[in-house]
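Worksheet: one structure, shown below.
Quick note: the coordinates plus some simple rules give every number you see, no bench work behind them. Remember, predicted model here, so these are calculated numbers, not experimental data. Here the Cβ is made from the backbone with ideal geometry for all residues, glycine too, and neighbour counts use every protein chain on show.
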């Protein structure tokens, strides 16, 4: 008990000294987080820059911004926009759930899209179970026009009927935009409604005003013995060609409000029933087992599922300590957002450096609650 009280005092002192909103934190949560937060403080010094927040329920218990936006210029703040990469998927799916709740869309309605041979529902699109296998990343990075990307899909033979085969794909997920068009709804309007409801302007898709504070992507330059970061241009094609999959930009402050919406802390906007629809496992997959990450938990004990726009990870040793999450990666950027419902804690990590730091630390955060 004495150790727990010391840990609690450390966290509260840290919060107050950095003017972070405090919350009544359960002692067991405090003890889990103390060593994690200590290590984060050391690790962030090795990075170009980033923004991190940890939440307990809907309260911020840790919030840091550090480093610079590009090169050694422009400090990163909580208002700096980061490209969210594939974290965009969970946000897009949640924005769709708002329209479903309003009766403007149905998850189950079938759409006969010109590029697909079988009618598909939003459940199939957002859950990566259209029956097709086409990641599309190479073609997107080459800058092929969207019309050409859709024609490539149209020339493919589906591997299965919709709903029975899982294949993660930026391009196929973005077919939600074609489904919206059939209802005379644009993805831009969907995102604008989300921004209005959250009262957050720091959620954008290109074109973005060049005067906006932006966290530019960076590589570690290994040609010198010193730690040097090389600025990269923004990957131009993902935000332009597949904005719903990998094209949303947001600040830490805006992402915190998105987190609250996505994990049940804004029930006046989106019901828990609607969120449960998004975050119920649909298909088991082995995606995370293929990633080159250093885990602090035995991955053989992890089962990976996909819901609608969200990954759901389950630990065999802790059957009621699931992680609902998504990571994002494009050259020079790594992002992560995750929530542990059983403990009502979560983390947001936005890094403007080419590494797996955000994803790896997001899973280490979960591992703290699996010990």
Just the Cα atoms of the stretch 208-274, one point each, no solvent: what log10 I(q)/I(0) does Debye give at q = 0.12 Å⁻¹?
-0.54
Mind checking the full-extension length gain between residue 160 and residue 78? Use 0.36 nm per residue of separation minus the Cα-Cα distance, one decimal, nm.
25.1 nm
Taking the Cβ of each residue in 343, 318 as the centre, tally the other Cβ atoms inside 10 Å and list the residues starting with the fewest.
318, 343
Quick check: residue separation of residue 280 and residue 331 times 0.36 nm, minus the Cα distance between them. What number comes out in nm?
15.3 nm
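How do 146, 272 line up, fewest other C-beta atoms within 10 Å first? Working shown, then result.
Numbers: 146 16, 272 11.
Ascending number of Cβ neighbours within 10 Å: 272, 146.
Normalising by the residue count of the chain, find the relative contact order in percent from Cα pairs under 8 Å and 6+ residues apart. Kindly include the intermediate steps, with their values, before the conclusion.
Numbers: 718 pairs, mean separation 78.4, N = 371.
Result for the chain is 21 percent.
Could you tell me the calculated FRET efficiency between residue 240 and residue 371, based on Cβ-Cβ distance and R0 = 35 angstrom, to the nearest 0.05? Don't jump to the answer; show the numbers that get you there.
Working: r = 43 Å, r/R0 = 1.23.
According to the calculation, E is roughly 0.20.
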Once you've got the GNM for the chain with C-alpha springs shorter than 10 Å, pick whichever of 174, 88, 186 has the biggest mean-square fluctuation.
186
In degrees from 0 to 90, rounded to the nearest 10, what is the angle of the helix 27-43 Cα long axis to the longest principal axis of the chain?
90 degrees
Quick one: what do you get for the stretch 106-184 if you divide its Cα Rg by 2.2 N^0.38 Å?
1.00
Could you tell me how many degrees, from 0 to 90 and to the nearest 10, lie between the Cα long axis of helix 187-198 and the main elongation axis, the longest principal axis, of the Cα atoms of the chain?
30 degrees
Fewest first, what order do 33, 99 take by the number of other Cβ atoms within 10 Å?
99, 33
For Cα pairs less than 8 Å apart in space and 6+ apart in sequence, what is the mean separation divided by the residue count of the stretch 16-152, i.e. the relative contact order in percent?
12 percent
Helix 88-101 vs. the chain, principal-axis angle (Cα, 0 to 90°, nearest 10)
70 degrees
In percent, how large is the relative contact order of the stretch 106-184, given Cα pairs closer than 8 Å and 6 or more residues apart?
39 percent
Hey, for a label at residue 201 modelled as a point 7 Å past Cα toward Cβ, could you say which residues of the stretch 239-270 have their backbone N under 14 Å away?
251, 254
Please identify, among 352, 118, 184, the residue showing maximal mean-square fluctuation in a Gaussian network model of the chain using a 10 angstrom Cα cutoff.
184
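Using 0.36 nm per residue, how much length does the chain from residue 300 to residue 109 gain when fully extended, once their Cα-Cα distance is taken away? Don't jump to the answer; show the numbers that get you there.
On the way: separation 191, 0.36 × 191 = 68.76 nm, distance 3.69 nm.
The span from residue 300 to residue 109 would gain 65.1 nm if fully extended.
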Inter-label distance, nm, simple model (7 Å from Cα along the C-beta direction), residue 289/residue 321:
2.1 nm
